[in-house]
1. What does the C-alpha gyration tensor say about the overall shape of the chain? Classify as rounded when a/c is under 1.5, otherwise prolate if a/b is larger than b/c, or oblate.
2. Could you report the chain's accessible area per residue, 1.4 Å probe, as an integer in Å²?
3. Counting other Cβ atoms within 10 Å, which trypsin sites (Lys or Arg not before Pro) in the stretch 433-533 have at most 16 and lie in a DSSP loop?
4. Whole-Hz ³J(HN,Hα) for each residue in the stretch 112-125, computed from phi via Karplus 6.51 cos²θ - 1.76 cosθ + 1.60 with θ = phi - 60°, x for glycine and proline: what do you get?
5. Net charge near GLN95: determine it from the other residues with C-beta under 10 Å of the C-beta of GLN95, scoring Lys and Arg +1 and Asp and Glu -1.
6. For the stretch 317-428, just say rounded, prolate or oblate: build the C-alpha gyration tensor, square-root its eigenvalues into a ≥ b ≥ c, call rounded for a/c under 1.5, and beyond that prolate if a/b exceeds b/c, oblate if not.
7. Please give the Cα centre distance for the stretch 506-522 versus the stretch 225-249, rounded to the nearest Å.
8. Show me, for the stretch 341-356, the HN-Hα J-couplings you get by feeding each phi into the Karplus relation (A = 6.51, B = -1.76, C = 1.60, θ = phi - 60°), rounded to Hz, glycine and proline as x.
Amino acid sequence: MKAEKPFFAYRSFWKELDAKARFAAIGVDQFAVFPSHSTNSLGEPYGQYAPTWRWFDTYDFSPFDQQMNDVIGICPEARILCLIDLNSPPWLARQLQVDSFPAVTLAAAHDRWQEETRKYVRAFVEHAEKQFGDRIICYILMCGTTDEWMDFSNGADSPGKLRAYREWCARKGLSEPADIPGISVRDHVSHEHTGMKLRDPVTDREAIRYWHFHSEFNASNILEFSSLVRSLVQRPVELGVFYGYILQLSQMTVNRAHLAYEKLESSPDIDFLISPGFYSGREMGGGSGFMTPNGTIKLHGKDCLYEIDHRTTTANMQLTPHVALPWMTPWKSLAEDRAGLRREFCRTLFHGSHLWWFDMWGKFYEKQEQLDVIAKCREIWDKYADRSFTPEAEIAIIVDPESACFIGYDDFNPVLHPVMKAANRLGTPCEFYSLNDLPRIPERIRFAVFTGVVRLDKRNRAELDAFAKGRHLLWNGPSGLTDGEVWQEQTLPGARFADNRSITAENLRAEAEKAGVHFFMKECCPVWFGRDMLSIHCADGGRRKISLPKAYRLAEELFSGMIIEVNGTAFDYEFEAPETVLFHLT
């Protein structure tokens with residue numbers, strides 16, 4: 001049975017005991033714990049505790065016990081989000097000559113890797129349940145590049161993967177392939193349309209088929225480990241994974257094996273998907289956002305966990321005396337920290353999402369001003385957070401993981417990313433869905449933007465025609481060019497955007513106005529609305545008019561406690577530069 005409240009937790013790669021104590025002091029009692037034995041993308045150990053997996057059939061869980069007891073010593077009532085490291089320890093990668101960190105699908109196809117990793121997971125979960133089962137509220141399975149189940153092998157083959165590919169083709173009723181398609185076949189494209197390279201359903205059939213398998217195989221591996229953990233825990237527990245980054249990775253989701261998110265969301269063994277905030281749009285005035293279509297997750301009855309890892313002014317990016325991450329741009333002032341942390345919190349609140357404040361390598365929340373923001377967020381969370389909370393949006397952005405396999409490597413980014421950034425700044429909420437969601441998308445959606453939906457089969461087309469009635473549609477990028485069997489452009493309902501690389505909030509908003517969408521601000525800025533609550537983020541200060549969809553009497557700004565008389569459908573507010581506000585309307 002799921003708890004009603006979403007998780008509100010603290011996480012760090014490092015010990016950060018003082019930071020944990022500060023979070024506990026403001027009422028945070030949920031902490032992520034990661035007993036690790038693998039190294040990160042820079043070759044550095046993930047954590048500051050000793051490894052738990054020492055050799056074949058040799059486990060030392062005392063560093064995990066110490067990590068747990070350190071948290072419990074700081075917060076006696078602590079509840080734990082327990083991360084499980086499935087990645088290969090360096091010694092195992094050397095012994096098996098396969099490393100799950102850069103090539104998780106190759107590892108998954110390696111029988112010995114499966115055997116040894118399953119033994120480790122079994123031993124770890126049995127120990128964790130025996131010692132701390134009453135405190136662990138969820139398990140999170142970590143594997144692949146940066147522990148986010150990404151595969152950086154570019155589809156490389158192996159004997160085990162060829163066997164798995166043949167088995168997958170047999171289950172699909174497809175002819176048995178002689179081999180995994182080579183690089184020239186996997187990357188081949190036959191068409192160019194609106195500046196994008198596209199695959200043909202006939203001449204590029206082998207590539208399309210293989211890339212479908214690539215993601216499904218990754219998802220199947222996730223589900224096998226999820227089922228194992230489920231079988232080992234004799235009580236209700238939630239399971240989560242990082243996955244489904246089609247909105248961030250765009251076309252690279254094909255190569256990174258992140259397209260089969262609907263397969264995970266349909267499984268009873270997965271309860272929530274995790275992603276950091278979208279990397280474009282983290283600056284003031286931007287909207288950041290989930291990397292996976294959160295609307296699709298909700299329609300499957302599952303949850304999101306939003307990782308707030310945005311770099312504050314104090315964030316430490318110096319991992320060692322010799323290793324740093326200078327390219328990670330921080331916010332520029334404590335005022336930006338305050339506005340940014342509030343903005344990311346509000347997004348999770350309005351989407352009924354879990355969250356954790358990710359203090360990666362420490363010092364992200366070093367200043368009292370930063371902690372005060374999180375303390376107030378916690379207070380608001382306790383009163384208003386609910387997993388069923390969704391924004392009352394009238395705009396939907398729709399993508400299609402099947403179509404992504406028809407698009408050449410890295411050609412989706414210049415089409416999708418401008419839409420993402422524009423949709424976050426419209427002055428009204430929007431939601432992200434997948435093409436298969438069309439029959440279940442809420443009736444309140446008036447305007448839908450289809451981005452990179454190259455393939456429309458007969459079922460999708462029938463659902464599209466039903467969905468289009470009474471709505472305004474906009475097609476961005478190559479759209480409706482194949483039914484998956486032949487290459488033939490379809491006549492589509494709605495309008496086409498002339499230049500798919502130059503979408504802005506202003507011209508996307510002009511199309512939405514044709515559908516009668518309500519806008520809360522005339523300025524282009526991130527806005528969320530639902531359950532008589534309204535959040536607005538502005539980079540610039542000044543007096544702004546806020547328009548409401550119905551009459552209200554009062555607006556209480558929850559971060560400051562300010563009460564504003566409304567007595568109608570509009571009121572003015574004087575914004576600081578920058579500022580994020582959250583109103584409760586009555």
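The values are calculated or read from the model by the stated rules, or taken from the named source; none is laboratory data. Worth saying up front: this structure is predicted, and the values here are computed from it rather than measured. Cβ placement follows ideal geometry from the backbone for every residue including glycine, while neighbour counts extend to all protein chains displayed. Protein only, heavy atoms only, side chains kept; ligands, DNA and RNA dropped before computing areas. Shrake-Rupley method; radii C 1.70, N 1.55, O 1.52, S 1.80 Å.
1. Working: a/c = 1.85, a/b = 1.06, b/c = 1.75.
Taking the square roots of the gyration eigenvalues as a ≥ b ≥ c, the chain is oblate.
2. Values: 21280 Å² over 586 residues.
Here the per-residue accessible area is 36 Å².
3. ARG444, LYS469, ARG501, LYS522, ARG531
4. After applying 6.51 cos²θ - 1.76 cosθ + 1.60, I find 5, 4, 4, 4, 6, 5, 5, 5, 4, 4, 4, 5, 5, 5 Hz.
5. Once positives and negatives cancel, what remains is +1.
6. oblate
7. The distance from the Cα centre of the stretch 506-522 to that of the stretch 225-249 comes to 38 Å.
8. Using θ = phi - 60°, the values come out as 5, 4, 4, 5, 4, 4, 4, 5, 4, 6, 9, x, 8, 5, 8, 9 Hz.
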